[in-house]
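Reviewing the structure listed below.
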Amino acid sequence: MPWAAILVSMATITKKLPLRRGDRGILESWVRSRTLPRRQVERAKIVLAASRGESSRGIAASVGIARDTARLWMRRYEAEGLDGIESDRPRAGRPRKITRKVEEEIVEKTTNKDPPPEESTHWTSRLMGKALRIDHVTIWRVWRKYGLKPHQIHTTTSGTAPPPSSRPSTSPQAMSSMNACPGTGIRSS
């Protein structure tokens, strides 16, 4: 087995990643930034290290990431420039179940239409869900997304409250007569 005795070492040749005109200054400012997202700073470090000719293994060790991650961002910069590393691409996920049109209908009904007066004085997620035949959690999510708080929206509903003229008076004389009612356990002072 003479071939097993021979050790062949293969040197990895690292080529410098060429930077586009004006990108070095921008990348260096990203690395110094204290307000940019950490991942954007990491990407800038990766590209700058690759432009100095460091290997992907060395870059991964110095930045504290996986080697494949370093290679990904080097390839992305090479193909797209700063735009490729500045932000994440959209990720696959569960498709939206509620359309923009349905959202608009929920917002419109919440802000411009009163609930049935026999039901409530304001929309609740369950009442709106029943009216639109949509799950109440979906209604709640749309309200949260748009910052709607139906219980705080002032509407002029007929409701169950009596008109102000027929409400009991809150004058001091009326209050003292209420306090002196027999059988209530409240004594007037």
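Any chance the range 116-135 includes a residue that's more than 20 Å from the chain's Cα centre (by Cα), within 30 Å of Arg21 (Cβ to Cβ), exposed (fewer than 15 other Cβ atoms within 10 Å of the Cβ) and at pLDDT 85 or above? Give the derivation first.
Filtering the range 116-135 for residues more than 20 Å from the chain's Cα centre (by Cα) gives 116-135.
Narrowing the set further to residues that are within 30 Å of Arg21 (Cβ to Cβ) leaves none.
Looking for residues that are more than 20 Å from the chain's Cα centre (by Cα), within 30 Å of Arg21 (Cβ to Cβ), exposed (fewer than 15 other Cβ atoms within 10 Å of the Cβ) and at pLDDT 85 or above, one finds none in the range 116-135, hence no.
Scoring Ile106 on the criteria (1) outside the structural domain of Arg141 (by TED's automatic domain parsing); (2) buried (at least 16 other Cβ atoms within 10 Å of the Cβ) leaves a single failure, condition (1). Could you list, in sequence order, the residues of the range 80-100 that are under 28 Å from Leu36 (Cα atoms) and either of a type outside the set (Asp, Glu) or touching a strand residue (DSSP E or B) at 6+ places or on another chain (Cβ under 9 Å) (or both)? If the condition is that a residue be under 28 Å from Leu36 (Cα atoms) and either of a type outside the set (Asp, Glu) or touching a strand residue (DSSP E or B) at 6+ places or on another chain (Cβ under 9 Å) (or both), then Gly81, Leu82, Gly84, Ile85, Ser87, Arg89, Pro90, Arg91, Ala92, Gly93 are the ones that fit.
The values are calculated or read from the model by the stated rules, or taken from the named source; none is laboratory data. Owing to the predicted nature of the structure, the values given are computational and were not obtained by experimental measurement. Cβ coordinates were reconstructed from backbone atoms using ideal geometry, including for glycine residues, and neighbour counts include every protein chain displayed.
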